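Values in this text are rule-based calculations from the coordinates and carry no lab data. A quick note: this is a predicted structure, and the numbers were derived from the prediction, not measured. All Cβ positions, even for glycine, are placed from backbone atoms using ideal geometry, and neighbour counts span all protein chains on display.
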Amino acid sequence: MVRFIMLGGPGSGKGTQALKISKDLNLTIIATGDILRQGITQDNGLGIKAKEYVEKGELVPDSIMIEFMKKRLLQEDVTKGWVLEGYPRTAFQAEELDFLLEDLVQKINYAIYLDVSEETMIKRSLSRKNIDDKLETIQKRIQLFKQRTTPILEYYQGKHKLITIAAEGTIEEVEQAIFKETKVIN
């Protein structure tokens with residue numbers, strides 16, 4: 001049973017790698033952005049609460065996010081394993097996720113940190129040409145990411161679950177490095 005958490009800054013390739021690995025290993029991809037969008041459109045109590053924060057451009061509180069994660073991790077398609085992208089974003093969320101996974105009798109194999117330079121993050125983010133991918137916005141996201149990342153990396157390092165991958169290479173090179181380090185494919 002393979003369960004990975006993808007960590008990395010904007011433009012590090014975590015979404016790309018999560019998608020590629022999920023396809024290659026036939027795992028469910030759990031993307032936090034998708035969970036939030038789906039939850040908000042369903043217009044249930046949880047979605048309504050989240051919508052208030054999203055519409056203001058604020059982060060959805062941890063208590064709401066963990067409820068979304070719990071609902072998602074209880075769905076049938078995750079029984080073969082999963083790749084989680086976009087969560088956790090803080091050490092507190094990482095700890096809460098561990099408690100949730102323990103309750104659900106699920107364990108992560110690894111938290112995979114895709115390490116790229118700030119220059120690469122900016123270059124890749126700008127090349128996506130998303131409406132919100134402007135240099136100033138990207139630089140703010142990178143700073144926020146750096147502030148939050150060290151505690152998350154330390155948390156997973158302390159649990160012996162962290163694998164750091166030099167992710168400056170091609171999509172295929174990075175995926176092969178992940179497989180080599182995690183020993184998923186011999």
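Evaluate the stretch 52-186: find the radius of gyration of its Cα atoms, find its Kirkwood radius, and give the ratio Rg to Rh. Don't skip to the end; give the middle numbers.
Working: Rg = 16.3 Å, Rh = 16.8 Å.
Result for the stretch 52-186 is an Rg/Rh of 0.97.
Restricting the trypsin sites (Lys or Arg not before Pro) of the stretch 58-100 to loop positions (DSSP other than H, G, I, E, B) with no more than 16 neighbouring Cβ atoms within 10 Å leaves Lys80. What does the C-alpha gyration tensor say about the overall shape of the stretch 132-186? Classify as rounded when a/c is under 1.5, otherwise prolate if a/b is larger than b/c, or oblate. The shape class here is oblate. Only Lys, Arg, Asp and Glu carry charge here, each on its Cβ (+1 for the first two, -1 for the last two); on that basis the chain has a dipole of about 180 debye about its Cα centre. Using bins of 10 Å that start at zero, the share of Cα-Cα pairs per bin across the stretch 1-97 amounts to 15, 47, 34, 4, in whole %.
Taking the charge dipole of the chain about its Cα centre, with +1 at Lys and Arg Cβ atoms and -1 at Asp and Glu Cβ atoms, the residue from Thr170, Tyr53, Ala91 reaching farthest to the positive side is Thr170. Over 27 Å apart at the Cα level, from the set Lys51/Lys140; Lys51/Lys159; Lys159/Lys183; Lys70/Lys159; Lys20/Lys51, are Lys51/Lys159; Lys20/Lys51.
Between Arg128 and Asp103, the C-beta separation translates, for a Förster distance of 45 Å, into a calculated FRET efficiency of about 0.80. Evaluated with a Cβ-only charge set (Lys, Arg +1; Asp, Glu -1), the stretch 16-107 carries a dipole of roughly 280 debye about its Cα centre, given to the nearest 20.
About its Cα centre, the stretch 54-144 has a charge dipole of approximately 420 debye under the convention of +1 per Lys or Arg Cβ and -1 per Asp or Glu Cβ, with nothing else charged. When the charge dipole of the stretch 101-140 is built from unit charges on Cβ atoms (+1 for Lys and Arg, -1 for Asp and Glu) and taken about the Cα centre, the candidate among Ile108, Ser127, Thr137 whose Cα reaches farthest toward its positive end is Ser127.
Could you please rank Ser125, Ser117, placing first whichever residue has the fewest other Cβ atoms within 10 Å of its Cβ?
Values: Ser125 23, Ser117 12.
Going from sparsest to densest Cβ surroundings: Ser117, Ser125.
Just need the relative contact order of the stretch 1-160 here, percent rounded to a whole number, with Cα pairs under 8 Å and 6+ apart.
Details: 186 pairs, mean separation 62.1, N = 160.
39 percent.
In this model, which of Lys23/Lys129; Lys80/Lys107; Lys71/Lys107; Lys23/Lys71 are farther than 18 Å apart at the alpha-carbon? Lys23/Lys129; Lys23/Lys71, as the Cα separations exceed 18 Å there. Of the GluC sites (Glu not before Pro) in the stretch 10-117, the ones in a loop by DSSP (not H, G, I, E or B) with at most 11 other beta carbons within 10 Å are Glu58.
Sorting Val83, Val54, Val60 from the fewest to the most surrounding beta carbons within 10 angstrom yields Val54, Val60, Val83.
Please work out whether the stretch 89-165 counts as rounded, prolate or oblate from its C-alpha gyration tensor, where a ≥ b ≥ c are the square roots of the eigenvalues and a/c under 1.5 means rounded, while otherwise a/b larger than b/c means prolate and anything else oblate?
prolate
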